Amino acid sequence: MANSIEKTLSPSLLEDCNKEKIVFLSTFNSEKNAPVTNAISWLAALDDKTIRFAVDQRSAIISNIEEVEGVSLSLFSNETVYSISGNAKILTKQMPGIPLKLACIEVKVNEVKNILFYGSKITVEPEYAKTYDERAAKKLDVAVLSGLRSN
């Protein structure tokens with residue numbers, strides 16, 4: 001049985017997109033003629049059709065999106081793995097009020113699909129730990145996520 005394809009984020013997936021979790025971002029590198037996947041964590045869903053994320057402005061992700069706007073975000077949620085595809089647009093290459101040089105990218109969701117193989121479920125989602133000053137990390141996370149949710 002094929003997995004259903006949705007056009008918007010479900011309420012529970014929208015909620016999970018606003019939690020701190022590891023997300024895999026796939027872009028396309030025109031020079032190499034190949035897809036590229038990166039792990040990101042600064043992600044915010046504004047509504048069921050709009051997701052924003054932040055990355056270092058020097059990242060190849062920026063040039064990849066400038067060349068090819070199609071992206072895919074993969075994340076663990078609701079005991080499965082979802083692929084969220086859409087068109088990305090760089091809103092700013094320097095988020096105001098953020099001490100790091102971060103770009104803000106907005107994705108308009110085109111498709112949401114459960115991509116886990118048939119007859120299985122995720123029993124434990126991956127977790128990660130920040131390896132730098134915990135207080136500084138928390139302060140930065142709050143500033144970046146707030147910036148993603150503003151205009």
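The values are calculated or read from the model by the stated rules, or taken from the named source; none is laboratory data. Quick caveat, the model's predicted, so the values are computed rather than measured. Cβ: placed from backbone, ideal geometry, glycine included. Neighbour counts: every protein chain shown.
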* Asked: Is segment 112-129 home to any residue that is surrounded by 10 or more Cβ atoms within 10 Å (Cβ to Cβ), assigned to a strand (DSSP E or B) and under 14 Å from the mean Cα position of the chain (by Cα)?
  -> yes
* To do: Of the numbered conditions (1) touching a Ser or Thr at 6+ places or on another chain (Cβ under 9 Å); (2) surrounded by 17 or more Cβ atoms within 10 Å (Cβ to Cβ); (3) of a type in the set (A, V, I, L, M), V55 fails exactly one; give the number of that condition.
  => (1)
* **The listed residue being within 22 Å of P126 (Cβ to Cβ) and touching a residue at least 24 places away in the same chain (Cβ under 8 Å), out of L43, L100, L91** => L43
* Structure fact -> Restricting segment 18-48 to residues that are in contact with a Ser or Thr (Cβ under 6 Å, 6 or more places away or on another chain) and of a type in the set (S, T, Y), the one surrounded by the most Cβ atoms within 10 Å (Cβ to Cβ) turns out to be S26
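So that you can scan it fast, the table gives a plain yes or no per residue for (1) farther than 16 Å from K19 by Cα; (2) in contact with a His (Cβ under 8 Å, 6 or more places away or on another chain); (3) at pLDDT below 95:
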{"residue": "N38", "(1), (2), (3)": "yes, no, no"}
{"residue": "I65", "(1), (2), (3)": "yes, no, no"}
{"residue": "V68", "(1), (2), (3)": "yes, no, no"}
{"residue": "L73", "(1), (2), (3)": "no, no, no"}
{"residue": "F76", "(1), (2), (3)": "no, no, no"}
{"residue": "N87", "(1), (2), (3)": "yes, no, no"}
{"residue": "K113", "(1), (2), (3)": "yes, no, no"}
{"residue": "E125", "(1), (2), (3)": "no, no, yes"}
{"residue": "K138", "(1), (2), (3)": "no, no, yes"}
* State whether one or more residues within segment 70-79 are surrounded by 19 or more Cβ atoms within 10 Å (Cβ to Cβ) and among the aromatic types (F, W, Y). => no
* Asked: Do you know which residues across segment 92-111 are surrounded by 15 or more Cβ atoms within 10 Å (Cβ to Cβ) and in contact with a helix residue (DSSP H, G or I) (Cβ under 8 Å, 6 or more places away or on another chain)?
  -> M95, I98, L102, A103, C104, I105
* segment 1-17, subset part of a helix (DSSP H, G or I) and exposed (fewer than 15 other Cβ atoms within 10 Å of the Cβ), residue nearest to the chain's Cα centre (by Cα) -> E15
* Asked: Do we have S59 as of a type in the set (S, T, Y) and more than 14 Å from the chain's Cα centre (by Cα) here?
  -> yes
